[in-house]
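Report on the following structure.
The values are calculated or read from the model by the stated rules, or taken from the named source; none is laboratory data. In this text the structure is predicted, and so the values were computed from the model without any measurement. Neighbour counts are summed over all protein chains in view; Cβ atoms, including those assigned to glycine, are modelled from backbone coordinates with ideal geometry. The protein model used for the area step is the full one, side chains on, heavy atoms only, and it has no ligands, DNA or RNA in it. Shrake-Rupley method; radii C 1.70, N 1.55, O 1.52, S 1.80 Å.
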Amino acid sequence: MAKEGWEFWRVSNASSGALEWLAVTRPGARAAIDREKVWTLLPKSRMFIANWFLTADFGREDDANEWVYENIDSTEAREVALEVPEPSTAIVTRLTHPESSLTLNQIDRHPVDKLLGKRVADKLENRN
């Protein structure tokens, strides 16, 4: 069962339209930083991790976004989770070494089973 208070996003490359991420946000979070943060799915680890470069892009007010964000419901998010490509090692390294937008202490994680349910987590674990 999906956790209350989270919004799900299909994130596609603005140039190619290809699916790149499944993201979540918490617009009603108590801490201001958590209202601004974007977490993205790392399928292999079955975790959503705070993504500092997507957080910066999501908050942009101009039209120079690198990604397109489509708000989706939790049912569709469960399907998209199984389609999300595994990011490269270089991207994961970049995520865990913030350069802007978030500090190292703000790069937190949330397990897939807590946000999308055990079935999705099990399917991701068995995905090749």
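At a glance:
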quantity	calculated
Count of residues meeting criterion [open to solvent by 70 Å² or more (accessible area, probe 1.4 Å) and in contact (Cβ under 8 Å) with a residue 40 or more places away in the chain] in segment 86-106	3
Residue in segment 36-58 that is of a type in the set (Gly, Ala, Ser) and in contact with a Lys or Arg (Cβ under 9 Å, 6 or more places away or on another chain) present	yes
Any hit, segment 21-28, residues being at positive phi and open to solvent by 70 Å² or more (accessible area, probe 1.4 Å)	no
Hits in segment 34-46 - residues which are within 22 Å of Ser100 (Cβ to Cβ) and either surrounded by 15 or more Cβ atoms within 10 Å (Cβ to Cβ) or within 13 Å of the chain's Cα centre (by Cα) (or both)	Asp34, Glu36, Lys37, Val38, Trp39, Thr40, Leu41, Leu42
Yes/no for Glu83 being open to solvent by 50 Å² or more (accessible area, probe 1.4 Å), out of contact with any Phe, Trp or Tyr (no Cβ under 7 Å at 6 or more places or on another chain), assigned to a helix (DSSP H, G or I) and of a type outside the set (A, V, I, L, M)	no
